[in-house]
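Quick note: the coordinates plus some simple rules give every number you see, no bench work behind them. The structure presented is a predicted model; accordingly, all values stated were derived computationally and were not measured. Virtual Cβ from ideal backbone geometry, glycine too; neighbours counted across all protein chains shown.
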Amino acid sequence: MSILKVDEKTGIFGEGDQTFGGSFVPPELQKALDEVAEAFARYKDDPDFNAELQAYYKDYAGRPNPLYFAKRLSDQVGGAKIYLKREDLNHTGAHKINNTLGQILLAKRLGKKRIIAETGAGQHGVATATAAALMGLECLIFMGELDMKRQALNVFRMELLGAKVIPATSGNRTLKEAVDEALMYFAGHPDSFYLLGSAVGPHPYPLMVRHFQSVIGQEARAQILEKEGRLPDYVVAAVGGGSNAIGLFYPFVEDLSVKIIGVEPAGKGLDTGYHAAPLNVGEVDVLHGFRSYVMPDPEKCWSISAGLDYPGVGPEHSYYKAIGRAQYVAVNDQEALDAFLNLSKTEGIIPALESSHAVAYATKLAAQRPKDEIIIVNLSGRGDKDVAQVAEMLGRTPEQAAKA
Ligand SMILES: *Cc1c(COP(=O)(O)O)cnc(C)c1O
């Protein structure tokens with residue numbers, strides 16, 4: 001019997017007065033969500049659907065990607081063995097494509113002609129525009145007006161891929177407003193399919209995104225059994241909304257010998273309020289139509305990595321915390337930056353700043369553990385997108401850096 005209590009029909013995790021997830025939305029939106037939930041329930045175990053998805057994973061996204069033993073990093077640390085799950089090697093450079101390919105195939109099954117999505121830094125927008133181009137579907141991406149200025153290159157990428165980027169102009173003009181406006185558009189345009197980018201939002205998105213991202217943990221599990229003949233002692237991943245983390249964690253959740261650690265961004269420090277670590281410092285509330293931990297002051301949401309600065313978190317992580325199945329720690333901006341620089345030099349792998357949070361914690365953990373223990377870290381994405389930002393943080397323009 002599973003250790004998890006989740007109602008697959010409502011997406012509610014847990015029982016009694018401590019539940020997470022669910023759907024708290026107006027009736028028009030609920031109707032649109034019900035159609036998505038029905039499609040997911042109908043196709044998730046359908047052999048034809050899964051054969052098609054597996055073919056795209058293999059020939060388009062480049063799966064399976066390797067589970068790589070980071071020997072130089074492990075030697076440098078002098079403790080447990082660190083393995084990296086190489087989601088950075090996927091097409092478009094991160095785990096997000098796993099989810100966009102899955103959801104877009106559902107949209108096709110439903111006969112939808114138009115895909116809509118929200119994006120913060122632009123990574124999910126690019127992964128969605130990619131999948132929409134692949135399927136020949138119209139694509140609208142909602143993005144905060146401020147984020148469009150900060151991430152102009154990703155706006156251009158989405159346009160190259162044939163998508164239209166729509167500025168969200170309310171409030172702070174960032175991710176939260178982009179989600180609000182995408183949900184509103186979805187409620188008014190049931191001929192569209194809302195392709196949500198993380199394991200958040202109202203039912204069925206948290207369960208659906210976990211399903212499509214679980215390929216990460218399924219592969220990692222088989223790969224470590226092949227390489228080491230046993231399960232890992234720890235699995236570690238960065239948590240923004242929580243999709244790359246739940247994708248790695250879920251296939252290990254019944255293996256109680258495997259300790260699960262999610263790493264949230266502590267930003268400028270948990271005590272400053274400027275972080276995005278609701279599982280470390282937060283309260284249970286409803287945001288964007290689902291119940292989960294939320295930052296006490298969402299206006300202060302901050303992380304060095306744009307992909308992690310969401311004020312809430314996927315409900316399944318709140319539930320894992322509540323039942324004690326996972327531990328959630330936090331790593332600050334400086335520690336993440338140090339890990340970014342160190343992994344680049346020791347392994348020749350430039351990680352995304354998001355993934356650098358997981359690498360930073362895993363390195364600290366490995367140093368305290370014996371050499372015969374095994375840690376799997378999800379390297380959720382590559383860091384090419386972050387190189388200019390890091391140069392600026394180090395006080396060097398990319399032009400100066402190139403000359404040096
Ligand atoms: C978007 C992103 C994340 C954060 O999103 P999750 O849903 O928490 O996985 C992490 N790593 C990379 C590389 C990303 O692009």
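Brief remarks follow.
- Here the chain is assigned +1 on the Cβ of each Lys and Arg and -1 on the Cβ of each Asp and Glu. Its dipole about the Cα centre then comes out at about 880 debye.
- Dividing the summed -39500 (n - 2.57) terms of all DSSP H runs of n ≥ 4 by the residue count of the chain sets its mean residue ellipticity at 222 nm at -13000 deg cm²/dmol.
- Computed over the chain with a Gaussian network model linking Cα atoms closer than 10 Å, the most mobile of 296, 370, 265 is 370.
- Estimated at 0.36 nm per residue, the fully extended path between residue 133 and residue 285 surpasses their Cα-Cα distance by 51.0 nm.
- Cα extents of segment 329-404 along the three principal axes, largest first (Å): 44, 23, 19
- Cross-link pairs beyond the 25 Å C-alpha cut-off, checked among 31/321; 112/149; 345/385; 259/364; 5/113; 58/164: 31/321; 112/149; 5/113; 58/164
- Against the rule of thumb 2.2 N^0.38 Å, how large the Cα Rg of the chain comes out: 0.92
- The residue list 162, 235, 253 was ranked by how far each Cα lies along the charge dipole of segment 159-256 toward its positive end, using unit charges on Cβ atoms, and 162 comes out on top.
- Cut-off 9 Å between beta-carbons: net charge of the residues surrounding residue 240, Lys and Arg +1, Asp and Glu -1: -3
- Paramagnetic reach from residue 397 (point 7 Å along Cα→Cβ, amide N under 15 Å) across segment 144-158: none
- Net charge dipole size for segment 76-216 [Lys, Arg +1 and Asp, Glu -1 on Cβ; Debye, nearest 20]: 400 debye
- Which of 106, 160, 308 has the fewest Cβ neighbours within 10 Å, and the rest in rising order: 160, 106, 308
- Stokes-Einstein D in µm²/s, Kirkwood radius over Cα pairs - segment 228-347 at 10 °C with 1.306 mPa s viscosity: 108 µm²/s
- In the chain, Cα pairs under 8 Å separated by at least six residues give a relative contact order of 19 percent.
- Overall, segment 206-270 carries a charge dipole of about 160 debye about its Cα centre when +1 sits on the Cβ of Lys and Arg and -1 on the Cβ of Asp and Glu, all other atoms neutral.
- Neighbour-limited loop hits for GluC sites (Glu not before Pro), segment 101-158 (at most 10 other Cβ within 10 Å; DSSP other than H, G, I, E, B): none
- Largest GNM mean-square fluctuation across 354, 159, 226, computed for the chain with C-alpha springs under 10 Å, falls on 226.
- Between 307, 269, 324, the residue with the greatest mean-square fluctuation in the GNM of the chain (Cα pairs under 10 Å linked by springs) is 324.
- Beta bridges per DSSP with both ends in the chain, % antiparallel, nearest 5: 30 percent
- Using a cutoff of 8 angstrom between alpha carbon atoms and counting only pairs six or more residues apart, the relative contact order for segment 137-197 works out to 36 percent.
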